[in-house]
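Below is one structure, written out as structure tokens; comments come after it.
The values are calculated or read from the model by the stated rules, or taken from the named source; none is laboratory data. Just so it is clear, the model here is predicted, and its values are computed rather than measured. Accessible surface is based on the protein model in full, side chains and every heavy atom, while ligands, DNA and RNA are left aside. Shrake-Rupley method; radii C 1.70, N 1.55, O 1.52, S 1.80 Å.
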Amino acid sequence: MLMTLGLPALAQQEPTTPYATLADLLENEQSRGELITRLRQLAEGGNPEAAAAETATASEPTLARRLAESTSQIAGDLGSQLGQVADTLDDLITGQAETPIDMSAVFAASLNLVLVILATLVLFFAFRRLARGAFTRLSQWSLADGGPPPVLRLLVAVAIAATIDVLVVAMAYLGGNLIATFLVGEAGELSTRASLFLNAFLVIELIKAALRMLFASHYEGLRLVPISAAEASYWNRWIARLIGLAGYGLLVAVPLINVYLAPALGQAVGTLIMLGAFVYAVTVVLKNRLKLRQAIEAAAKKSDFTATRISLNLFARTWHIVAILYFLVVLTLTLLRPEDALPFVLMATLKTLVIVGLGMLLSSLLTQTIGRHISLSEELRHKLPLLETRLNAYVPNALRVIRVVILVAVVLLVLNAWGAFDLAAWYASEAGSALVGRLVSVALILVVAAGLWLTLASLIEHRLNPETGSGEPSARAKTLLTLFRNALAIAMLTLTLMIVLAEIGINIGPLIAGAGVLGLAIGFGAQKLVQDIITGIFIQVENAMNTGDVVTVGGITGTAERLSIRSVGIRDLNGTYHLIPFSSVDTVSNYMREFGYHVGEYGIAYRESIDEAIIALQEAFDELAASEEHRMNILAPLEVAGVIALADSSVNIRVRIKAVPGMQWAVGRAYNRLVKLHFDAKGIEIPFPHTTLYFGVGKEGEAPPANLRLMKQPFDSDGRPAGQATAGPDPHFEEDPRAKPNSTEHD
């Protein structure tokens, strides 16, 4: 795929002359035949445009055909190169070459080049040794705790280290140029050989400097790739060897062989270098296939982003195939177009590494700065208790969206680097600019909506918080603010959705009209729902009940736990939760308005003094009003209504205690206890049901005998039962003289 996408881009890089184009056209048998056919059609008076279209259609090759032609061309080039190399070597050995080789000149040139190489490398390693202390201090600062986030410290340290590394390469390059110009060869003249090496040294060492940014094997704090030092050393050494072999071989050795020996021999050496680099790269990839797969899968498990986790797992299984295909494409492009393929591939690879690395670093930086748990100050958390929870719910979702945007941008930039997609032209087009503008507008709308909701919701929470607002809010304020917050959330969600749909080009007019028709249909079809809402509105307007009130609604008595515009949730005394729609509510009985009464009715025996009982009731109230627990809940003195009934077995006296709303039940329970204690202390009887045992009367009016015996169980001296008691006459029981000896005994 990369080969087929990259060939057109390579073909467009450097325009050729008309003569070269014509020569290439006539050299190809297929294109020559198509040209002859087109010329004959023109000669016969045919339509030139139709003939051109037919020719273009017929000449457009398929993917399989292009691959077959490329393979055939590579095989043909290799065969011709082998033949040319054999002929060149034969001519060199037999001395029949067109240009004889001057061995003394070759030896002198080689010696001068070796001196330039040694001098440049000595300067490079000397400067690197001097910069080692700076690298060590930067690594220690990057690993230190505190200060900026770790990723930001790592980026700053790596950027400074890379700058120092580039300066070292530049100083070695300048030193090599000065040595090659004034100390080696003819003074004041830079030879072509030295220039080839120095230019290759600059390019290759800059690439290695970029590589050291990823795999800093000696400095833990300057390594962008999160791997161990041993692994970093291995990959840095392997990639550096590959770059050095291909770079110095193609940029230095091949041109020198072309100049001093023969172009055919140089071309063959270049092909061998690329083949050797390909075999070496494939061997290393296959050797580390399983090891790198396990490392990528371990990184996927640590990711909390689903798309990243899936992508890493897929890449872990196919990375070796991608790497082998990449090296195969590089080899193919180099063999097909050796003049401009290698610079294009190197530049595209460098761009890809930089783009992917920046994307990963940006994602990691965002994760460490805003992806972690957001902790607010204690004061702000105290004022707005739900703000921290909301932020920690919104930020991860926003981070996922940003990661998706980064991933899409990285893919587009990589495709643009390889010439498969022209990002600048797409953005300049009407469709591209419109799409980017809409995406930016939608992002701004969502950010503004989220910020507005956070602000308004935080203000409502501030008003509801008794320690930060205007004191303890009333139950009505709590209910209305809670309902307002829910209505605000629905309204903002609806408006944001409508604005986003309108921004992306969807006509929301039919949606609004359809919503109106749908609402009308719901109004006719769901009359109960409409009745619920209307009744709920009037209940809230009239302040009939609020959250936390003890009410009787729809025959259910309990605490109102939840109030909405349509229903109320009641928790009764048994803990059962009842959801009552307002359409079934005829009466609302609220026990929590202003005050409450404990109404008590106490019965005394007919033989007791009513005035004495009222005094006992007053004394019980006085003790209740003096207690620490209940005196704050009593709002008025005891109200004695007096005798309200002369019942069958009691005289009933009613009293009433005015209490704080909601506390009348607790006050009543405490008062009942004290009434019992005071009645007992004064010997006032509280009547209770009695049972009378009646044995009946005979016709003559006499009572039948009741021969009763009490059973007494003897006890030991220590008070424990001595055994089974036997029936016998009770010494304390006087038998009725009218009882007959043979009468039946009753227990």
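Express the accessible area of the range 632-685 per residue in Å², computed with a 1.4 Å probe while the remaining protein chains stay in the model.
Numbers: 2820 Å² over 54 residues.
Roughly 52 Å² per residue, with all protein chains present.
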Let me check the size of the range 554-685 from its C-alpha atoms; what are the radius of gyration and Dmax in Å? 18.6, 58
